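What follows is one structure encoded as structure tokens, with my remarks underneath.
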Amino acid sequence: MPVRLLTGFDDLPEATWAELLERSPTPVVFLTRGWLEAWWQTLGQGTLLLAVAEHDGRQVALAPLYARGGVISFLGTDSSDYLDFLGDISQPVVLDGLLAAAREAVAASAFRLAVVPERSPTTASLAAAAARVGVGLRSDEPVLAPALRRARLVDATRKKSLVRHENWFRRNGELSVVHTAHGGAILPQLDRFFAQHVERCTAAPYASLFEDERHRAFYRRLAEQNADAGWLRFTRVSWDGAPIAYHFGMSFRGSFLWYKPSFELALAHRSPGEVLLRQLLFAAYDEGAQTFDLGIGDEPFKHRFATSFPRVRTWTLAPH
């Protein structure tokens, strides 16, 4: 099957990208053009590899890849919770063509394809492709991606710990919550959000990603380029006029995503993060979300709320 490499994102019309995403085994916000283009412009390094398989003048599938240091990976790696191919790769000739075109373009020795959902048919397709071309296929340990179904959203908001912490703030001051879905309203709040996240992480065993200007630029670019996309979600929780928690997330195709929270470190003993979580659960329910996605990771708090525990894997295809 003919495969061509695009020279950039503009080579593929947005409507075509959206159509391929609709037919993807993993139709998530992390595979939208708006997300991946912002990521490449701010965090991407190496060689862009947008490989498109075509049949009778119609785009069948898209492999959103890049190469660095002899390894080919999905665009968005390390910033996305779920990644995959776009379109239909169920036919061996399609997947083989995409992988071959990318490999030949940069003479890469290996593919490392991160956070592919186990339920995606891509898992079986990669195994078959590896066997056909005689390379090895191995997987990292699976990572949980806990989620909460709509039927349990309201029950989750009634958990005693969430209610207790929120009631303390309401008894001792004025608590307000503002949800924003437009990039233009999000941008002016980002610097305060970044600073709060950096301060919060001084008490954590890891540094804030926002100490790196490239990550701050990524979030700004997301807000700028996707201002009207409809899937941005930004929440500020204030107490007596001062922000005590923020959340930068997304809501896409009925899935409300818990993505990047922060809270005021000086109030950590009052758990403003749980107040934030309760308000996001309400917001997800109010907008009709079918799933509250807690994102990849096995943090203990997720087990208190999740009703399902899908898994993702990172696959490596390399010579034996």
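The values are calculated or read from the model by the stated rules, or taken from the named source; none is laboratory data. Since the model is a prediction, treat every value here as computed from it, not as a measurement. So basically every Cβ, Gly included, is an ideal-geometry build from the backbone, and we count neighbours across all protein chains shown.
Out of region 26-75, which residues are more than 19 Å from Thr314 (Cβ to Cβ) and without any contact (Cβ under 8 Å) to a residue 24 or more places away in the chain?
Within region 26-75, Asp56, Gly57, Arg58 qualify.
Would you check if Arg4 is among the charged types (D, E, K, R) and over 23 Å from Gly70 (Cα atoms)?
No: the conditions fail for Arg4.
For Ser139, which of the numbered conditions (1) under 19 Å from Pro92 (Cα atoms); (2) surrounded by fewer than 19 Cβ atoms within 10 Å (Cβ to Cβ) fails to hold?
Checking Ser139 against (1) under 19 Å from Pro92 (Cα atoms); (2) surrounded by fewer than 19 Cβ atoms within 10 Å (Cβ to Cβ), the one that fails is (1).
Is it the case that region 23-41 has a residue that's in a strand (DSSP E or B), over 25 Å from Phe292 (Cβ atoms) and of a type in the set (Lys, Arg)?
The answer is no, given that none of the residues of region 23-41 is in a strand (DSSP E or B), over 25 Å from Phe292 (Cβ atoms) and of a type in the set (Lys, Arg).
Picking from Leu276, Leu280, which residue would you name as being at negative phi, part of a helix (DSSP H, G or I) and touching a Gly at 6+ places or on another chain (Cβ under 8 Å)?
The conditions single out Leu280.
Which one is surrounded by the fewest Cβ atoms within 10 Å (Cβ to Cβ), of the residues in region 178-234 that are part of a loop (DSSP other than H, G, I, E, B) and of a type in the set (Ser, Thr, Tyr)?
Among them, the one singled out is Tyr206.
Does any residue of region 170-177 turn out to be surrounded by 13 or more Cβ atoms within 10 Å (Cβ to Cβ), on the phi < 0 side of the Ramachandran plot and charged (D, E, K, R)?
No - not one qualifying residue is present in region 170-177.
For region 283-320, give me the residue count where each residue is in a loop (DSSP other than H, G, I, E, B), of a type outside the set (Ser, Thr, Tyr) and in contact with a strand residue (DSSP E or B) (Cβ under 8 Å, 6 or more places away or on another chain).
13
Step by step: first the residues of region 35-48, then only those that are touching a strand residue (DSSP E or B) at 6+ places or on another chain (Cβ under 9 Å) and surrounded by 23 or more Cβ atoms within 10 Å (Cβ to Cβ), then the one that is nearest to Leu95 (Cα to Cα). Which residue is that?
Among those that are touching a strand residue (DSSP E or B) at 6+ places or on another chain (Cβ under 9 Å) and surrounded by 23 or more Cβ atoms within 10 Å (Cβ to Cβ), it is Leu36.
Whether any residue in region 134-153 is of a type in the set (A, V, I, L, M), closer than 20 Å to Gly295 by Cβ, in a loop (DSSP other than H, G, I, E, B) and touching a Pro at 6+ places or on another chain (Cβ under 6 Å) is what I want to check.
Yes.
I'd like to know if region 162-171 contains one or more residues that are among the charged types (D, E, K, R) and not in a helix (DSSP H, G or I).
no
Go through the residues of region 25-48 one by one and say whether even a single one is more than 20 Å from the chain's Cα centre (by Cα), at negative phi and not assigned by TED's automatic domain parsing to the domain that holds Trp231.
yes
Looking at (1) modelled with pLDDT of 95 or more; (2) assigned by TED's automatic domain parsing to the domain that holds Gly44; (3) in a helix (DSSP H, G or I), which is the only condition Ser120 fails?
(3)
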